[in-house]
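Asker: Before anything else, here's the structure in question.
The values are calculated or read from the model by the stated rules, or taken from the named source; none is laboratory data. Everything quoted here is computed from the prediction, not taken from an experiment. Note that each Cβ is placed from the backbone with ideal geometry, even for glycine, and that neighbours are counted across all protein chains shown. Note: areas computed on protein heavy atoms with side chains; ligands, DNA, RNA excluded. Shrake-Rupley method; radii C 1.70, N 1.55, O 1.52, S 1.80 Å.
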Amino acid sequence: MSNPNSRRARWAGRRAAGDARPFRGRGPLASRWRIPAAFSVLAAGAVLAVPAVASASPLPSPVTGHVYLDDNTAGSNTVAAFDRHADGSLTPLPGSPFTVGGAGTGTGLASQGAVQIAGGGRFLLAADAGSNQVSVLGIQPGGSLRLASVVPSGGALPVSIAVHGSLVYVANAGPADSNYTGFRLAFSGRLTPVPGSTVALPAAAQPGDVLFNGTGSKLVGTRVGTSQIDSFTVGLSGRLTAAPGSPFTAQGLGPFGSEFRPANPGQLFVSNAHNGTGLGTVSAFTDSRSGVLSSIGSSPVPDNQTAPCWVTISPDSRYLFAVNTGSGAISRYSIASGGELTLLGSTAVSANGGVGAVDPGMSPDGRYLYVNESKIDAVGGFAVSGGNLTELPGSPTALPAGAAPAGIAVS
């Protein structure tokens, strides 16, 4: 039983009486001054009476990344830039669109990859198809762009750019000077041609996409005009060696958009855009050590849509999305471990911009898919849940006036 004459008991008695004299004890009870109980209750009441009106105002969704599109504007080309928010919404960056130093064509480009993020996120590369150049823009901390350099593309009508580390390849589609040409990207943002890297293409080739695999050991290009696929191994010098049998005959007419699987650099997927109304397909290939392409399973797999021109793969490598510019829908596929494709269905783009929708790009976390709705000069946004898509509230977001957008890059 406690001693009623103890220091603790005496202090408790004074507290009950509202005594504010100092207590000079030790331990957790040794507060320098005590506050009378009545004042404590009043203070507590004052705290509870504070209105909660301020907490009702929603905070803006934080910026988690950016979205860039090559506007391909006639004369002075520009890039449209957007803040990408945590809820998937887009807002134009102050100063957008940014002048890039070259010229666009003012019409859509039949290609994928006209704009790319490079240098570990420090630079943006944009094709200037109207002036046969490539622009390098520094990405500032807030996402805005500053011109670093403009260089000749090595041919005519640059339409697609591939990047791996400091190595860059450009696909030039002009019938007078069609080729793949390599460059090195310096820390300063300067592009320098790789000696002996240019691979000439036939005038009718019409390259639509050029891309590296995840290790940078392979490079592939699609020939839309002749329905073929180029496959190369990449040397330490950055120069290309054609695979035995390259170019390979595509599995459909107009091989167009293409992607290597992020989790497996030996698996390649290519859309076949020109088979006809409702006859679009997507092909799956293995890419051997020497660059030889071999069909996977029952490839090509129909998507029951028209003109699947552009493709992207989720960061977890489980799903492929193909944008059908002719029918205004996004086809959704699951990808098995061996690369076999299974069609899950199709999701309509918007009623106004579906037909004519082109390049897709996914956020690095795989939560959002953005689509360049070139017909209405806008960007559509979709929430991604596994292999399902749901258009975001407020989508699409308008692009600058006069844009003929080509390519999309998402960070």
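Asker: Could you check how many percent of all C-alpha pairs in the stretch 111-152 are farther apart than 16 Å?
Answerer: That fraction is 33 percent.
Asker: Could you check how much of the accessible area of the stretch 144-200 is carbon and sulfur, as a whole percent, using a 1.4 Å probe?
Answerer: Ligands and nucleic acids excluded, carbon and sulfur give 62 percent.
Asker: Hey, what angle do you get for helix 37-48 against the long axis of the chain, alpha-carbon based, 0 to 90 degrees rounded to 10?
Answerer: The answer is roughly 20 degrees.
Asker: Moving on. Express the accessible area of the stretch 261-411 per residue in Å², computed with a 1.4 Å probe while the remaining protein chains stay in the model.
Answerer: Here the residues of the stretch 261-411 average 35 Å² of exposed surface.
Asker: Could you check how much of the accessible area of the stretch 235-279 is carbon and sulfur, as a whole percent, using a 1.4 Å probe?
Answerer: 57 percent
Asker: Could I ask something else about it? Where does helix 7-16 land angle-wise versus the long Cα axis of the chain, in degrees 0 to 90, nearest 10?
Answerer: Once rounded, the angle reads 90 degrees.
Asker: Which entry in [x] 22, 52, 24, 2, 0; [y] 25, 58, 17, 0; [z] 26, 47, 8, 12, 6, 0 matches P(r) over Cα pairs in 20 Å bins from 0, in percent derived from the coordinates of this structure?
Answerer: Here P(r) over Cα pairs in 20 Å bins from 0, in percent agrees with entry [z].
Asker: How many percent of all Cα-Cα pairs in the stretch 267-411 sit more than 25 Å apart?
Answerer: 25 percent
Asker: Provide the per residue accessible area, probe 1.4 Å, for the stretch 198-250, rounded to a whole number of square angstrom.
Answerer: 37 Å²
Asker: Can you give me the C-alpha center-to-center distance between the stretch 340-405 and the stretch 240-256, rounded to a whole angstrom?
Answerer: Spelled out, the Cα-based centre of one part sits 28 Å from the other.
Asker: I'd like to know which of THR91, VAL194, SER299 lies farthest towards the positive end of the charge dipole of the chain, counting +1 on Cβ of Lys and Arg and -1 on Cβ of Asp and Glu.
Answerer: The residue sitting farthest along the positive end of the dipole is THR91.
Asker: Assign unit charges at the C-beta atoms only (+1 for Lys and Arg, -1 for Asp and Glu), then state the dipole size of the chain relative to its Cα centre in Debye, rounded to the nearest 20.
Answerer: 3080 debye
Asker: Only Cα pairs under 8 Å and at least 6 apart count here; give the relative contact order of the chain as a rounded whole percent.
Answerer: Once normalised by length, the contact order is 11 percent.
Asker: Additional query: Counting Lys and Arg as +1 and Asp and Glu as -1, each charge on the Cβ, what is the dipole of the stretch 299-372 about the Cα centre in debye, to the nearest 20?
Answerer: Dipole size: approximately 100 debye.
Asker: Right, next: Say the dipole of the chain comes from +1 at the beta carbon of Lys and Arg and -1 at that of Asp and Glu; which of LEU320, GLY182, THR107 then lies farthest toward its positive end?
Answerer: Towards the positive end, the residue furthest out is LEU320.
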